[in-house]
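First the structure, in the form of structure tokens, and then the observations on it.
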Amino acid sequence: MDHEFDPQEKRERAKSDLEDLKRVMREIESEQPQETAADEPAETAAAPENDLPEQEPMESAEQEVPEAAGEAAAAAAEQEADRLADQEQAQREKILDEQAKRRHPEQPAATVQLGKSAKKGKTSAKKRKEREARRHKRHMRRVGLLAAVLLIAVVVVVSACKAISGGKNKTEQPAGSAPAQSVSGDDTVQKPQEDTRPASQQESEQYLKIKDDTSLPAYAREYPGMYADAVSAPNKESEKKVCYLTFDDGPSSTNTPGVLDVLKEKGVKGTFFVVTSSIDGNEALIKRMVDEGHTLCIHANVHEYAKLYATPEDYLKDFAAAYDRIYELTGYRVQGFRFPGGSNNAVMKRHNTYDAIVGEMTRRGFEYYDWNAYDHDAENGNYTVDQMVDYAVSEVTQSSRNDAILLMHDTYGKETTVQALGPIIDKLKAAGIDMLPITASTRPVHFEVNENTPPDMPEVSDSSDSDTDDMDDQTDSEAESE
């Protein structure tokens, strides 16, 4: 390819063209004088002789002019040839340079270097973003890990606290509440093994404190799980009149469902002092009492005065049977109870067991509730529904205490009580009297004042006591006749 752009060859060609041009010019010059002589014969002939010598210089000048013109043209042609040669040489060098770049792409060049710098800048920015993204991801992983660790720590602490409190509640269960159960969603946490013994036989914390105390009677060490949380201070009387609807001697399949239906319809909660020997076949009623928010208390297991009050051991045995039966059905540890016939019944007075029984039950944390209002549904008289309503409402409203505990019955044969219950509730509501279930904070009513009764507590009227004594005498004679 080099021979196509050889400048020497170009110059030779230019010179050859110049020689051809000169030759053509000479031919033109050699033909020009003959034509002149033929065109102007007269002038040449008429010219004097002395002018002839001067023609030679003119011919010489005419010959020099073409030569000069030829030389100028030759010079111009040579310059043009040189320019063309230089232009072709520059083009050739450019082509060669481009070919060299294609053969050596790694060779640094201004334009290539700039391109690499820009690309490097873009790559660096991209890498920085990627590094930032990775750094952010690592940071989020650390935060997530820390949060997970903290959550696990909280769960472990809460589970440990619940396990400790659960184990504690197993032996020291608050009165009137269901046994504590594990609510942790972690199935891997092993739950404390359930004590399958009867509630009265499960050792409590209160029992462990007195089991070696020889100053206490032997019956105090029996039934180690039969304890309730005693109220630390006497409960204060309500600031306004409040009525506690209480029902004794149930459950019965004939009247307890009706009582529960009326209470549910009126939106009122009551308190049931049950006889657990009557539960068989009525288990669903006991569960319904608890499920619907009523308070469950013990009246007796067997409603037989002679078997209840002969000795403290006899009473504790009957109470433990009732306590275990209720716990078995509901998981509910009873806090309150009511003596059949009231705390001043004639049978307990005759056996002189009041102080021992009340003292032992109080030591175990249980509270008993007598009454200071009565609908007279347990007497021999056949009172009408309206008469029972008037008795109940008048005794509640006229009670000297703001805490009125109204005695009624839901056992068999008490259909009139079910009929009277709705009107009683309506009239008490109309009088602005609230009706509540008995709880551990309820101020109890005791028929007789003793060291466990605050001296400022007003007691029930003599008429209520005499009514109760009449009931006790009748029941006592029936029990003795058996």
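Would you call residue 252 surrounded by 18 or more Cβ atoms within 10 Å (Cβ to Cβ), modelled with pLDDT under 95, among the polar types (S, T, N, Q) and more than 38 Å from the chain's Cα centre (by Cα)?
Taking the combined requirement at face value, the residue does not satisfy it.
Could you check the range 325-345 and list, in sequence order, the residues that are touching a helix residue (DSSP H, G or I) at 6+ places or on another chain (Cβ under 6 Å) and surrounded by fewer than 21 Cβ atoms within 10 Å (Cβ to Cβ)?
329, 330
Is one or more of the residues making up the range 345-359 in a loop (DSSP other than H, G, I, E, B), within 18 Å of residue 404 (Cα to Cα) and of a type in the set (S, T, N, Q)?
There is no residue in the range 345-359 that is in a loop (DSSP other than H, G, I, E, B), within 18 Å of residue 404 (Cα to Cα) and of a type in the set (S, T, N, Q).
Yes or no: the range 310-317 includes at least one residue that is surrounded by fewer than 19 Cβ atoms within 10 Å (Cβ to Cβ), touching a Gly at 6+ places or on another chain (Cβ under 8 Å) and over 23 Å from residue 429 (Cβ atoms).
No, the range 310-317 contains no residue that is surrounded by fewer than 19 Cβ atoms within 10 Å (Cβ to Cβ), touching a Gly at 6+ places or on another chain (Cβ under 8 Å) and over 23 Å from residue 429 (Cβ atoms).
Could we say that residue 208 is at negative phi, part of a loop (DSSP other than H, G, I, E, B), of a type in the set (A, V, I, L, M) and modelled with pLDDT of 60 or more here?
Criteria not met by residue 208.
Quick grid of which residues meet (1) aliphatic (A, V, I, L, M); (2) modelled with pLDDT of 75 or more; (3) outside any helix (DSSP H, G or I); (4) not assigned by TED's automatic domain parsing to the domain that holds residue 10:
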site: 85; (1), (2), (3), (4): yes, no, no, no
site: 96; (1), (2), (3), (4): yes, no, no, no
site: 107; (1), (2), (3), (4): no, no, yes, yes
site: 112; (1), (2), (3), (4): yes, no, no, yes
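Take residue 354 and tell me if it is surrounded by fewer than 20 Cβ atoms within 10 Å (Cβ to Cβ), aromatic (Phe, Trp, Tyr) and farther than 20 Å from residue 440 by Cβ.
Yes: the conditions hold for residue 354.
Is there a residue being touching a Ser or Thr at 6+ places or on another chain (Cβ under 8 Å), charged (D, E, K, R) and under 21 Å from residue 260 (Cβ atoms) anywhere in the range 319-335?
yes
For the range 256-342, please list each of the helices (runs of 4 or more DSSP H) lying entirely inside it that holds at least 2 residues being closer than 26 Å to residue 221 by Cα and either at pLDDT 95 or above or outside the structural domain of residue 440 (by TED's automatic domain parsing) (or both).
Answer list for the range 256-342: 312-330.
Going through 259, 242, 275 one at a time, which residue ends up being under 18 Å from residue 367 (Cβ atoms), surrounded by 14 or more Cβ atoms within 10 Å (Cβ to Cβ) and over 39 Å from the mean Cα position of the chain (by Cα)?
Sole residue among the options that is under 18 Å from residue 367 (Cβ atoms), surrounded by 14 or more Cβ atoms within 10 Å (Cβ to Cβ) and over 39 Å from the mean Cα position of the chain (by Cα): 242.
If I ask for residues that are among the acidic types (Asp, Glu), surrounded by fewer than 16 Cβ atoms within 10 Å (Cβ to Cβ) and within 41 Å of the chain's Cα centre (by Cα), which ones from the range 219-239 would you list?
Matches in the range 219-239: 239 only.
The values are calculated or read from the model by the stated rules, or taken from the named source; none is laboratory data. Bear in mind the structure is a predicted one, so any value in this text is a computation, not a measurement. Virtual Cβ from ideal backbone geometry, glycine too; neighbours counted across all protein chains shown.
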